[in-house]
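So the structure is just underneath, and the comments pick up after that.
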Amino acid sequence: MEMPDFAALFGVCSCGRKTCSTCSGFQLTPRTAAVLWSMAQILADQGYDDVEEHGGEIIARRNDWSLFDRYPRITWGQDATWRRQAARSYDDLAAELAHGDWPLPTCPAEEMALHLILYDALPALNDGWIGIGEAKLASLPEHAEDFNWDEMTDVFFQDFDILSLMNPELDGIDDPDDDLNSQMAMGDYRPAAWFISFQNMSARDPQRAFRR
């Protein structure tokens with residue numbers, strides 16, 4: 001897929017003046033956007049590969065999977081339709097970046113997708129497997145805020161509730177009737193709710209296509 005013109009899509013300021021409102025806030029730089037966009041597509045492909053190879057199999061042996069064995073255990077018995085929707089979540093985030101927007105998750109599935117994108121981005125950069133090639137990345141303007149992963153985590157997510165699902169000691173917290181869930185005002189994180197938009201986010205077009 002042709003890489004979007006991230007230099008044009010994500011204009012950044014480098015003036016460094018303390019009075020500059022742009023410099024004083026978070027800036028998503030062209031190089032960072034390119035890496036996130038590419039990682040989103042790599043992980044989407046892994047998800048679609050899992051669907052094609054395993055369909056709705058229950059995850060038992062983790063080394064047989066490309067992506068979905070990295071998800072919370074409560075999702076390991078989901079069917080092929082659920083997994084295909086989860087794979088599309090990466091494409092949805094990539095599409096936001098391709099339009100010059102921040103990849104803000106609109107539902108739990110996109111939260112999980114973005115966490116994995118950010119988690120994989122740094123080792124991908126270090127190992128040279130970001131998917132767009134070093135020459136293409138080097139063609140984009142450098143900026144002091146390139147690859148500011150920690151700040152991205154703070155800016156892109158409304159909360160980190162979904163990460164609680166990774167802790168086996170908190171089994172059941174996905175259910176809104178769970179006591180801890182209620183205390184945290186966490187909401188419904190059961191797998192069936194993963195594609196329901198958050199109340200403060202616009203829903204995605206339910207008729208949008210799947211890449212494959």
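The values are calculated or read from the model by the stated rules, or taken from the named source; none is laboratory data. These figures come from a predicted structure and were not determined experimentally. Using ideal geometry, Cβ is built from the backbone for each residue, glycine included, and neighbour counts are taken over all protein chains shown.
Counting only residues that are at pLDDT below 95 and of a type in the set (K, R), which one in segment 30-72 is nearest to L104 (Cα to Cα)?
Going residue by residue through segment 30-72, those that are at pLDDT below 95 are 60-64.
From what is left, the residues that are of a type in the set (K, R) are 61-62.
Working: R61: 32, R62: 29 Å.
Result: R62.
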### Message
Can you say whether L125 is surrounded by 13 or more Cβ atoms within 10 Å (Cβ to Cβ), touching a helix residue (DSSP H, G or I) at 6+ places or on another chain (Cβ under 7 Å), within 13 Å of R31 (Cβ to Cβ) and not basic (K, R), as far as the supplied structure shows?
### Response
yes
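If I ask for residues that are over 14 Å from A124 (Cβ atoms) and either buried (at least 16 other Cβ atoms within 10 Å of the Cβ) or within 17 Å of the chain's Cα centre (by Cα) (or both), which ones from segment 22-48 would you list?
C23, Q27, L28, T29, P30, A33, A44, G47, Y48, listed by residue number.
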Counting only residues in segment 181-199 that are over 18 Å from S89 (Cα atoms) and free of Cβ contacts under 8 Å to residues at least 12 places away in the same chain, the one surrounded by the most Cβ atoms within 10 Å (Cβ to Cβ) is identified as N181
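Within segment 133-212, considering only helices (runs of 4 or more DSSP H) that don't extend past its boundaries, which have at least 2 residues that are closer than 25 Å to T32 by Cα and of a type in the set (V, I, T)? Step through it out loud before you land on a result.
Details: elements: 134-138, 149-156, 179-184.
Per the criteria, 149-156.
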Output for Cβ contacts, cut-off 7 Å, separation at least six or different chains, first residue on the phi < 0 side of the Ramachandran plot in segment 132-160, second among the aromatic types (F, W, Y) and assigned to a loop (DSSP other than H, G, I, E, B), reads E151/F26; V155/F26; F156/W102
Matching residues in segment 128-180 (of a type in the set (A, V, I, L, M, F, W, C), surrounded by 11 or more Cβ atoms within 10 Å (Cβ to Cβ) and under 30 Å from C15 (Cβ atoms)) number 11
If we keep only residues of segment 70-104 that are without any contact (Cβ under 8 Å) to a residue 24 or more places away in the chain and within 16 Å of the chain's Cα centre (by Cα), then the residue surrounded by the most Cβ atoms within 10 Å (Cβ to Cβ) is E96
